[in-house]
Every structure is written in C-alpha cells, then in structure tokens.
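Every number here is computed from the coordinates shown, using simple stated rules; none is lab data. Just so it is clear, the structure is predicted and the values come from calculations on it, not from any experiment. Here the Cβ positions follow ideal geometry from the backbone for every residue, glycine too, while neighbour counts run over all protein chains shown.
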Amino acid sequence: MSGVPVGQVQLGQYGPASHVIAHISDTHFLGAGRPLYGTVDTDTPLHEALAQLERSGQPIDALIFTGDIADTGETDAYRRIRDLVESAADRLGARVIWVMGNHDKRAPFRSELLRETGNGASAAAPVDAVHDLDGLRLIALDTSVPGYHHGAISAEQLAWLAEVLREPAPHGTLLALHHPPIPTMVSLMSLLELRDQAGLAEVIAGSDIRGILGGHLHYATTGLFAGIPVSVAAATCYTIDPSAPARQLTGVRGGQSINLVQVYPESVVHSHVVLGDFDPATRFDSEFLARIEAMSPDERTEAFSRQA
C-alpha cells in the first residue's frame with residue numbers, strides 16, 4: 001500500500017492515496033524490435049514511460065497494461081516487453097497486471113506474459129483474472145474476440161464477474177478491460193467498440209466498482225458507464241487524432257501518454273502524463289518545497305497562495 005514518502009508533509013486537505021497505479025495501454029510490440037507499419041518505434045516510448053515513472057519517485061503499487069501488448073501476438077514481442085516491464089517493476093516495487101486486447105493472442109499471452117504452462121482449451125479461454133492490491137481489487141476482463149477487432153463479453157464471463165462482485169473489497173474495485181464501454185468520436189472506431197454493453201451495465205451497476213480502465217482508442221478520454229467513471233489511456237506506440245478532418249481516422253507519431261491512477265477513500269483520480277522531455281517554463285524545486293513544508297499552515301498560505 002502506498003504512503004507519504006519519508007519526510008513529506010501533508011499540505012492540503014487530502015491525505016496520501018491508498019494506492020497508485022500506472023495505467024499503460026496499446027504498446028503494440030513486434031518481434032525483433034521491428035517498427036510498427038515500418039516506421040513507428042514502439043519500444044522507445046515505453047522505455048520513456050517507465051523511466052519517467054522511476055524518475056518521479058512516486059510510490060507505484062502496480063503497472064497495468066490494458067491490452068494490445070503485442071501487435072500480432074508474436075512470442076518474441078511478448079518476451080521482450082515482459083522482460084523490460086518486469087525489470088522496471090522490480091525497481092519500482094510494483095506488481096504487473098496484463099489485460100488482453102484485440103491484437104493479442106491468448107495462447108502466447110498466457111505462456112509468455114503470465115508464464116502459464118499447458119495448452120489446449122484452457123489456453124484458448126478468455127484471460128480473466130482477479131488481483132488483490134492490498135485490499136483494492138482489480139479485475140482484468142478479456143473483451144477480445146478471436147479473429148476480430150471489436151469487443152464482446154460472453155454470458156459465462158458476465159456470470160463469473162457477477163460472482164466476483166458479490167462481496168465488496170475493502171478499498172473497492174477497479175475493472176480493467178481493453179474495449180472501453182463509452183462512445184468514441186472517431187466514426188470508424190465505433191465499428192470496433194465493445195458490443196452488447198447492456199449486459200455488462202446490468203452486472204456492474206450498484207457494485208463496488210469505482211472506476212473502469214480501458215485502452216483501444218489510442219487517445220485519452222473519459223466518460224461514464226452505468227454511473228461509473230471510465231478512464232481510457234492513450235497508446236504508447238502512436239495516437240489517433242480525434243481532431244482530424246471529419247470522416248478520417250488518422251494515427252500520428254506524437255502525443256503518447258500514460259495515466260496515473262490515485263485511489264483515495266472517497267475518490268479515484270486519473271492524471272494524464274505526456275511522454276518525453278520538455279523545456280521547463282517554470283519550476284519550484286525540492287528545496288523550495290522543503291521550506292514550505294517547514295512553515296505553519298498560515299505561513300504557507302502567505303508564501304505560496306497570496307498573489308504578488
């Protein structure tokens with residue numbers, strides 16, 4: 001469970017988050033490090049994301065990847081990203097949670113990312129799982145449809161999900177899936193949405209689910225589904241431009257980002273983190289923060305809140 005780093009003083013009304021999760025999506029790795037579409041470097045943005053998380057010093061409980069880990073389901077692609085992410089997770093002291101996407105293949109996903117053994121019918125079954133992060137339940141739900149890019153959830157999966165949700169978790173639940181159950185403003189992407197969403201809404205409405213984490217769209221967006229906030233992380237490989245001319249679907253090499261999810265007793269906050277190094281426009285360093293922390297609340301107000 002996350003806590004306030006040693007020496008840090010609570011400055012505002014809220015205490016530390018009980019959990020902090022890095023939400024990453026749509027890495028689309030290819031075998032042997034090949035560029036996606038022959039031009040898109042998928043590896044460097046993920047390296048940047050993990051480096052930025054380490055540099056931040058933020059206590060991270062888990063790294064969750066909401067699908068399309070590998071672009072064509074190649075074994076080598078899964079191994080490369082697994083080794084990269086697990087190494088970073090070890091340094092961060094974080095768990096790693098993988099969620100299936102429409103580009104992923106269930107058998108190598110299980111054998112390489114989850115390190116499961118065996119084959120046959122079990123290897124081809126939906127990859128659904130429940131993870132306990134010190135009282136915060138995280139449910140990974142497989143919305144992939146083998147051979148297609150749209151999403152779906154079977155009646156058996158919904159029954160399983162209903163059973164899991166029968167008992168609430170101490171810190172509530174986050175539901176992670178690839179196809180987010182919200183509208184998209186990109187017309188062609190609506191053909192690839194999660195289908196038959198009413199059944200999912202019926203199961204999760206009134207449950208202890210506090211947030212839904214998704215990917216698939218390749219741009220960051222938010223919405224509501226069954227009264228539950230939905231947060232979509234943009235892709236790390238390339239992004240889709242929702243401001244492209246009408247009736248176009250345009251992927252661009254820029255704007256890659258991840259999300260940080262902070263769980264508080266009464267709130268879940270999703271923060272958008274753009275990848276890359278940028279020139280600072282202004283900066284208050286750690287020494288300034290230390291001086292502020294040493295002040296009384298009234299002194300802090302005068303030193304930092306009062307307008308010049």
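With the largest listed first and rounded to whole Å, the semi-axes of the equivalent ellipsoid of the chain from the Cα gyration tensor are 33, 23, 20. In terms of its Cα atoms, the stretch 1-112 spans 48, 27, 22 Å along the principal axes, sorted from long to short.
Report the GluC sites (Glu not before Pro) located in the stretch 247-308 that are in a DSSP loop and have at most 12 other Cβ atoms inside 10 Å of their Cβ, or state none. For GluC sites (Glu not before Pro) across the stretch 247-308 that sit outside H, G, I, E and B with at most 12 neighbouring Cβ atoms in 10 Å, the list reads 266. Under 5 Å from the amide H of residue 143 lie the amide H atoms of 178, 179, each residue being 5 or more positions distant or on a separate chain, with H modelled from the backbone and absent for Pro and chain starts. Computing FRET efficiency as 1/(1 + (r/R0)^6) for residue 243 and residue 306, where r is the C-beta to C-beta distance and R0 is 51 Å, gives about 0.85.
About its Cα centre, the stretch 112-245 has a charge dipole of approximately 240 debye under the convention of +1 per Lys or Arg Cβ and -1 per Asp or Glu Cβ, with nothing else charged. Value of Rg to Rh for the stretch 203-279, rounded to two decimals, is 1.04; Kirkwood radius and Rg both from alpha-carbon coordinates. For the stretch 59-183, dividing the convex hull volume of the Cα atoms by the residue count gives 126 Å³ per residue.
Shape annotation for the stretch 99-150: C-alpha extents along the principal axes are 36, 28, 16 Å, from largest to smallest. Pop the C-beta distance of residue 185 and residue 271 into the FRET formula with R0 = 22 Å and round what comes out to the nearest 0.05. So, using R0 = 22 Å, E works out to roughly 0.50.
Annotation for the stretch 240-308: trypsin sites (Lys or Arg not before Pro) lying in DSSP loop with at most 11 further Cβ atoms inside 10 Å of their Cβ are 247, 283, 306. If only the Cβ of Lys and Arg carry +1 and only the Cβ of Asp and Glu carry -1, the dipole of the chain around its Cα centre is close to 320 debye. When both the stretch 113-164 and the stretch 189-217 are represented by their alpha-carbon centers, they are found 14 Å apart. On the principal axes of its alpha carbon atoms, the stretch 177-226 extends 31, 21, 15 Å, with the longest extent given first. A P(r) calculated from all alpha carbon pairs of the stretch 159-308, with 5 Å bins opening at zero, reads 2, 8, 13, 15, 13, 13, 10, 10, 8, 6, 3, 0 percent. Mean-square fluctuation check for the chain, GNM, Cα pairs under 10 Å: which of 14, 148, 219 is largest? With Cα springs under 10 Å in the chain, the top fluctuation among 14, 148, 219 is at 14. Computed over the chain with a Gaussian network model linking Cα atoms closer than 10 Å, the most mobile of 27, 239, 44 is 44. Go ahead and estimate [θ] at 222 nm for the chain from helices alone: -39,500 (n - 2.57) per DSSP H run with n ≥ 4, summed, over the residue count, rounded to 500. Mean residue ellipticity at 222 nm (helix-derived): -6000 deg cm²/dmol.
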